[in-house]
Structures are given as C-alpha cells and as structure tokens.
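Take a look at the structure set out below.
The values are calculated or read from the model by the stated rules, or taken from the named source; none is laboratory data. Computed from a predicted model, the values in this text were never measured in an experiment. Methodologically, a virtual Cβ is constructed for each residue, glycine included, from the backbone with ideal geometry; neighbour enumeration extends over all protein chains shown. Ligands, DNA and RNA are excluded from the accessible area calculation, which covers all protein heavy atoms including side chains. Shrake-Rupley method; radii C 1.70, N 1.55, O 1.52, S 1.80 Å.
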Amino acid sequence: YPIQAPDFSHCQTASEGPKLVNCCLPLSSSPIIEFKRPSILSPLRVRPAAQFVGKEYLKKYRKAVELMRALPPDDPRSFATQAKIHCAYCNSAFDQGGLPGMELQVHNSWLFLPFHRCYIYFHERILGNLIGDPTFGLPFWNWDSPAGMRLPAFYDEVDTSLYDPLRDPKHRKHAVVDLDHSLIDDPLSDSQQIYQNLKMMYRVVMTNGKTPELFMGMPFRAGDNPNPGAGSLELLPHGAVHLWTGDRAQPFIENMGTFYSAARDPIFYAHHSNIDRMWSVWQKHVAKKTINFNDADWLETAFLLYDENARLVRIKVKDCLDTTWLRYTYQDVRNPWLNARP
Ligand code: C2O
C-alpha cells in the first residue's frame with residue numbers, strides 16, 4: 001500500500017543523532033484540501049540558472065525571501081516553517097499516516113525526488129505570492145555545468161536575505177564545487193575538478209541510472225522500514241553538494257550538511273531546483289517514454305504541505321510527474337556532461 005500523508009497533530013521531537021530538535025509544524029485551522037493542478041492558463045514559471053540571473057530578478061528574489069523571513073515563525077509560509085518542513089519529514093517527527101511507530105522518511109527511497117519536487121513547488125509559489133508575482137521561479141544552482149560550478153555569488157553577500165553564515169568558508173568565492181565531496185578537499189586544479197564533475201554527472205545519470213530503482217531509489221511502501229536504498233542521483237551529487245556547502249566546523253556540518261538544518265540555508269532551494277531539473281533531464285534522455293515507476297504504491301503516496309494561502313494541501317506523487325502540470329519549467333541550458341561519456 002502507498003504511504004499516507006502524516007498527521008501533523010501527532011508530532012514527536014525530532015532527532016539528529018543525540019541532538020533533539022522541535023520540528024513540529026503549525027496546524028492549519030482550515031480543513032485539508034486535495035491538490036488540484038493549476039489551470040493551464042496560469043503563467044508558466046521559468047526557473048533561471050543562477051549564474052544567468054539579472055539585477056531585476058535578484059531584487060525580486062531577495063525581497064521575496066526577506067518577506068518570508070519576516071513572517072512570524074508559526075506562520076505556515078514563514079521561512080522558519082519552510083525550513084522545519086524538511087526536518088519534520090527527514091528527522092522522524094512523523095509516523096507514516098495511520099501507522100503509529102512506523103517512521104516516515106523521504107530520503108533513501110523512491111520518495112526522494114517527488115517529495116522534494118512538491119516541497120519546493122509550494123515554496124516557490126509562496127515566494128511569488130509574497131511579492132505579488134505569479135511568474136516567479138526559483139533559480140537553479142547549475143552545478144553540473146562549468147559556468148555554474150561555484151557557489152552563486154549572490155548567495156554570498158552578507159546582509160542580504162540569501163546569505164547564510166553557516167557555510168564552509170573555504171568554499172566561498174572562487175572554489176569549484178566537488179560533486180564527489182566527502183569533507184576532504186581534493187588537491188585538484190579547477191580544470192581537473194570540472195572534468196571530474198562532468199564525468200561524474202554522466203556516470204550518475206546515464207550509466208548508473210538505467211532503471212527507475214537505480215536512478216530514483218528503492219520502493220518504500222506503507223509499513224516498510226525507512227531507508228530501503230537511495231538512487232544514484234541522491235547519493236552523488238546531491239549529498240556531496242550538501243556536505244560541500246555546510247560548515248565543516250559545525251557539529252553536524254550545519255546548515256546544508258545535515259537534514260534537520262539544510263533548508264535553513266536559502267541555497268537549499270536552488271540546489272533542489274537543480275536536482276529536480278536532473279529528474280527531467282533523466283526523463284528525457286534515459287527513461288524516455290516509460291513514466292518513472294508504474295506502481296500504484298508510488299503514484300498514490302501522499303504528502304501534506306502548505307500552499308501560498310497557508311492552507312494544508314494533500315498532494316500525491318502522481319500529481320507531480322511532469323513539471324508543466326505544475327506550470328513551471330527550466331531555462332533551457334546545455335547539459336555538457338551528456339557528452340562526457342568516460
Ligand atoms: Cu531532503 Cu537535499 O535533502
């Protein structure tokens with residue numbers, strides 16, 4: 001059976017190793033609504049590559065996050081709540097809906113890609129709503145392309161809403177991201193690192209991602225123990241970019257380097273925007289006509305998330321298989337690693 005949405009009124013203290021954190025989410029006073037696809041007449045949001053955004057866009061994006069940060073922490077749309085959503089779904093605050101004692105975990109399984117797609121979809125709508133711009137699209141951190149392999153500079157400006165002090169100081173400014181990072185800095189030149197990254201992208205998506213299980217992760221059904229196994233994309237580069245960005249001097253590599261705090265860093269959403277784009281690239285080049293998993297337990301899995309009106313929405317995996325159903329798409333950039341066959 002598919003995993004049912006968690007019951008927000010049954011929330012436990014979450015934990016990160018020995019550390020306890022409260023990630024319980026505000027209850028909404030209005031009844032839960034079922035997700036409905038936005039009208040095809042609503043504007044298509046185009047998510048831009050972070051390295052290409054202009055001044056006007058940046059102004060809007062900074063403003064939107066500023067407004068989100070200014071909302072009271074118990075507002076479902078606040079930056080604090082948005083960050084807690086990740087913790088709640090990843091650090092065992094919730095049981096699987098209707099199954100007390102069975103942990104809900106959205107990583108290390110076939111839920112990884114659809115959960116994060118739904119999560120940042122609503123995050124993006126809230127940001128757009130706060131600045132009154134229904135066309136607003138989150139940027140994507142284009143770390144799979146040489147032009148995007150550094151921390152996008154606008155996240156690194158102190159005193160702006162996009163800055164986060166808890167990042168690795170060695171990885172600011174000009175460092176090239178290591179898509180295979182494991183907290184040790186490889187002694188590679190920039191061009192060697194770029195070359196390694198491109199080869200790795202090819203391996204992860206094209207070579208190691210041949211089937212839905214291999215690319216997206218193993219089945220996780222109601223009553224199963226969590227963490228049946230991650231897909232190729234989730235381990236690397238996904239996990240590596242998290243570790244590379246977080247501050248290695250912090251106990252759990254906060255913020256980006258661990259589940260409970262990762263989404264406190266605004267760059268989290270740009271990282272996941274690119275992860276989500278990789279799902280679309282995989283769909284186009286590897287999966288072709290097969291629609292991911294053709295398995296009702298996957299398609300009917302449900303999550304609860306808040307929309308831009310602070311209402312709780314039940315959304316299912318089957319609702320988010322195509323980004324155009326959600327009325328967003330990605331700026332069309334080259335994917336140079338498609339030619340980096342080892
Ligand atoms: Cu839920 Cu990038 O992790």
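Mind grabbing the accessible area of ASP7 for me, 1.4 Å probe, Å², rounded to tens?
70
Can you list the equivalent-ellipsoid semi-axes of the chain, largest first and in whole Å, using the square root of 5 times each Cα gyration tensor eigenvalue?
Each semi-axis is the square root of five times an eigenvalue, giving 28, 23, 21 Å.
Could you compute how fast the range 1-99 diffuses translationally, taking Rh as the Kirkwood radius over C-alpha pairs and applying Stokes-Einstein at 37 °C with viscosity 0.692 mPa s? Give it in µm² per second.
199
Given the DSSP H assignment, sum -39500 (n - 2.57) over each helix run of at least 4 residues in the chain and divide by its residue total; what's the result at 222 nm in deg cm²/dmol, nearest 500?
Counting only the DSSP helices, I get -8500 deg cm²/dmol.
Sort ILE194, ILE40 from largest to smallest accessible area, using a 1.4 Å probe on the heavy atoms of the protein chains.
Heavy-atom accessible area, descending, gives ILE40, ILE194.
If I measure Cβ to Cβ between cysteines in the chain, which ones have no partner under 4.7 Å?
When partners are defined as cysteine Cβ atoms under 4.7 Å apart, the chain leaves CYS90, CYS118, CYS320 without one.
Based only on Cα atoms, what Rg/Rh ratio does the range 27-72 have, Rh being taken as Kirkwood's radius?
Reported Rg/Rh (Cα atoms, Kirkwood Rh): 1.10.
Per the 1.4 Å probe, what fraction of the accessible area of the chain, in percent, lies on carbon and sulfur atoms?
For the chain, the apolar C and S fraction of the accessible surface comes to 55 percent.
Highest first, please rank the peptides 183-193, 108-118 by the mean number of other Cβ atoms sitting within 10 Å of their residues.
Packing order, densest peptide first, comes out as 108-118, 183-193.
May I ask you to list the trypsin sites (Lys or Arg not before Pro) in the range 199-301 that are in a DSSP loop and have at most 12 other Cβ atoms within 10 Å of their Cβ?
In loop regions of the range 199-301 (DSSP not H, G, I, E or B), the sparsely surrounded trypsin sites (Lys or Arg not before Pro) are LYS288, LYS289.
Quote the charge dipole size of the range 14-339 about the Cα centre in Debye, to the nearest 20; the model charges only the Cβ of Lys and Arg (+1) and of Asp and Glu (-1).
It comes to approximately 880 debye.
What percent does the relative contact order of the chain come to when contacts are Cα pairs within less than 8 Å and at least six residues apart?
Reported as a whole number, the value is 29 percent.
Counting other C-beta atoms within 10 Å, and keeping those with at most 15, which DSSP coil trypsin sites (Lys or Arg not before Pro) do you find in the range 161-194?
ARG172, LYS173
Please give the per residue volume of the convex hull enclosing the alpha carbon atoms of the range 302-342, rounded to a whole number of Å³.
Cα convex hull per residue, to the nearest whole number: 129 Å³.
In whole Å, what three semi-axes, largest first, describe the equivalent ellipsoid of the range 92-230 built from its Cα gyration tensor (square root of 5 times each eigenvalue)?
Value: 30, 24, 16 Å, ordered largest first.
Find me the longest stretch of the chain that has none of the exposed GluC sites (Glu not before Pro), where exposed means in a DSSP loop (not H, G, I, E or B) with at most 15 other Cβ atoms within 10 Å.
With a cap of 15 other Cβ atoms within 10 Å, the longest stretch comes to 1-156.
Between the range 144-222 and the range 111-135, what is the separation of their alpha carbon centroids in Å?
If we compute the Cα centre of each part, the gap is 22 Å.
Going by Cα centres, the range 81-101 and the range 254-312 are how many Å apart?
16
Two decimals is fine: what is log10 I(q)/I(0) at q = 0.09, 0.16, 0.21 Å⁻¹ for the range 223-333, from a Debye sum with one equal scatterer on every Cα and no solvent?
Taken in order of the listed q values, log10 I(q)/I(0) reads -0.31, -1.01, -1.44.
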